[in-house]
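> My questions all concern the structure below.
The values are calculated or read from the model by the stated rules, or taken from the named source; none is laboratory data. What you see is a predicted model, and the numbers here were worked out from it, not measured in a lab. All Cβ positions, glycine included, derive from the backbone under ideal geometry; neighbour counts span all protein chains shown.
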Amino acid sequence: MVIISNVWIVTSKNNSLHNIYKVLIDKKGRENIQKLISENIEASLKINDDLMERSPKSLIDGDAYYFKRDRDDLEEVRKLGFEEFYTKIIENYQSLLNSEVLTFKKKLQEYDSISEKPRFYIFEIKRDDQWLFAYAKIDSRALIRRRMLLEWNATLNSSSAVIDITEGVPLPDNVTALFEVQTDKLYVYDPFVFEKMLFIHETAKLKANENIHKFIQGEFTIGEEGYKVLGLDHSSVIKRIMQSARSINRIAKYNISESLESVRIIEEIMTLLPEERDKLHFNHVENTITVNEENYRTFVAVIHDSIVKRLISGEVQII
């Protein structure tokens, strides 16, 4: 039986983890949360023995994996971008238990309801002889109608309650990752969501690189006419793309079957862009589109379809 012992909410601010708040909830509220996520916890635990160890392939394919750190090799955790997660969360249990709020910053600041947003939940779980911590990303854009929510009060010493109204922090339907204390293993069920949750982009970078290679090889093309993309094999272009989290994520998520707009429409959009340097270059003889270090954002907007949608709405800009 899954028993939730404690709940915390981790917040973010300015695209980085900010504070960890201990959530004070009553017995009924705790039971409601248990009812909501216990089935998913049980289902997750059943597949743990079948998971492969973390590898580049698991990241590219988005497959669930497990990770067990080498306690003598702190550099490994640092390179993976997990250092803050381990030091501030996994290895900081007593501080989490005894404090109402902890910070990722040098100095604790007062709760900022405007720019500080709930990022993910931490649930301490007891299940028979297992001691687990579950992490669940909070989807702030999810439809909250008919969803169970946590009416969270960030004011210290104030209780929160599980409610069923149209405001509050959405409670998760499933968990993103589990940490098993006895085995020191971290089980990640959705690598993309997990790394997004922690503001890590390693998985997306690997997938973006794979997709860029497919454009270079001609496996991925642009438009229903299948125009090949030139210029992505230049290091200067790759460097600019990999410096942009938005570009990385959009290329990583690219699906050729969902981006079959006519090249004619894409070229029409170029005439509406005010800056010449932002425009893609078309060769209708060889059926190619050329990307460079100045217009790469336009290329990303095209494969994301965001620029096409804005043309339809009458508002063209690169986002």
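> Can you tell me which of (1) in a helix (DSSP H, G or I); (2) at pLDDT 85 or above is the one LYS309 doesn't meet?
For LYS309, the failing item is (2).
> Within the stretch 272-296, work out how many residues are under 22 Å from THR203 (Cβ atoms) and touching an Asp or Glu at 6+ places or on another chain (Cβ under 6 Å). Break it down stepwise before answering.
So in the stretch 272-296, the residues under 22 Å from THR203 (Cβ atoms) come out as 296.
Still in the running and touching an Asp or Glu at 6+ places or on another chain (Cβ under 6 Å): none.
Going through the stretch 272-296 one residue at a time, the tally reaches 0.
> Tell me the residue from LEU45, LEU80, LEU74 that is crowded, with 16+ Cβ neighbours inside 10 Å and modelled with pLDDT under 85, please.
Numbers: LEU45 fails: modelled with pLDDT under 85; LEU74 fails: crowded, with 16+ Cβ neighbours inside 10 Å.
Of LEU45, LEU80, LEU74, the one residue that is crowded, with 16+ Cβ neighbours inside 10 Å and modelled with pLDDT under 85 is LEU80.
> Restricting the first residue to the stretch 27-51 and requiring it to be in the same structural domain as PHE179 (by TED's automatic domain parsing), which pairs with a second residue that is acidic (Asp, Glu) meet a Cβ separation below 8 Å and a spacing of at least six or different chains?
That search, which allows pairs on different chains as well, returns LEU36/ASP173; ILE37/ASP173; ASN40/ASP173; ASN48/GLU180.
> Among the residues of the stretch 213-244, count how many are out of contact with any helix residue (DSSP H, G or I) (no Cβ under 8 Å at 6 or more places or on another chain) and in a helix (DSSP H, G or I).
Within the stretch 213-244, residues that are out of contact with any helix residue (DSSP H, G or I) (no Cβ under 8 Å at 6 or more places or on another chain) and in a helix (DSSP H, G or I) number 8.
> Could you tell me which of the residues PHE85, PHE120 is under 29 Å from ASN14 (Cα atoms) and assigned to a strand (DSSP E or B)? Write out each step before concluding.
Working: PHE85 fails: assigned to a strand (DSSP E or B).
None of the others qualify; the one that does is PHE120.
> A follow-up question, please. Condition first: modelled with pLDDT of 85 or more and outside any strand (DSSP E or B). Now tell me which residues in the stretch 15-30 satisfy that. Break it down into steps so the answer makes sense when it comes.
Taking the stretch 15-30 first, the residues modelled with pLDDT of 85 or more are 16-23.
Residue satisfying the conditions is SER16 alone.
> Continuing with the same structure: If you check ILE318, ILE303, ILE269, which single one turns out to be closer than 22 Å to LEU206 by Cβ and at pLDDT below 90?
Values: ILE318 fails: closer than 22 Å to LEU206 by Cβ; ILE269 fails: closer than 22 Å to LEU206 by Cβ.
Of ILE318, ILE303, ILE269, the one residue that is closer than 22 Å to LEU206 by Cβ and at pLDDT below 90 is ILE303.
> Inspect the stretch 88-103 for any residue being free of Cβ contacts under 8 Å to residues at least 40 places away in the same chain, out of contact with any helix residue (DSSP H, G or I) (no Cβ under 7 Å at 6 or more places or on another chain) and either in a loop (DSSP other than H, G, I, E, B) or hydrophobic (A, V, I, L, M, F, W, C) (or both) and give the result as yes or no.
Going residue by residue through the stretch 88-103, those that are free of Cβ contacts under 8 Å to residues at least 40 places away in the same chain are 91-95, 98.
Those still in the list that are out of contact with any helix residue (DSSP H, G or I) (no Cβ under 7 Å at 6 or more places or on another chain) too: 91-95, 98.
Still in the list and also either in a loop (DSSP other than H, G, I, E, B) or hydrophobic (A, V, I, L, M, F, W, C) (or both): 91-92.
Yes; the residues of the stretch 88-103 include at least one that is free of Cβ contacts under 8 Å to residues at least 40 places away in the same chain, out of contact with any helix residue (DSSP H, G or I) (no Cβ under 7 Å at 6 or more places or on another chain) and either in a loop (DSSP other than H, G, I, E, B) or hydrophobic (A, V, I, L, M, F, W, C) (or both).
> Moving to a separate point now. Give me a count of the residues in the stretch 51-65 that are assigned to a helix (DSSP H, G or I) and surrounded by fewer than 16 Cβ atoms within 10 Å (Cβ to Cβ). Spell out the reasoning first.
Step one: list which residues in the stretch 51-65 are assigned to a helix (DSSP H, G or I), which gives 56-61.
With the extra rule that they be surrounded by fewer than 16 Cβ atoms within 10 Å (Cβ to Cβ), the set shrinks to 56-57, 61.
Number satisfying all stated conditions: 3.
> Another question, if that's okay. Among residues belonging to the stretch 250-265 that are at pLDDT 75 or above and either in contact with a Gly (Cβ under 7 Å, 6 or more places away or on another chain) or not in a helix (DSSP H, G or I) (or both), point out the one that is surrounded by the fewest Cβ atoms within 10 Å (Cβ to Cβ).
The first filter runs over the stretch 250-265 and keeps only residues at pLDDT 75 or above, leaving 250-256, 261-265.
Of the ones still in play, those that are also either in contact with a Gly (Cβ under 7 Å, 6 or more places away or on another chain) or not in a helix (DSSP H, G or I) (or both) are 253-255, 261-263.
Values: LYS253: 15, TYR254: 19, ASN255: 9, GLU261: 18, SER262: 12, VAL263: 20.
It comes out as ASN255.
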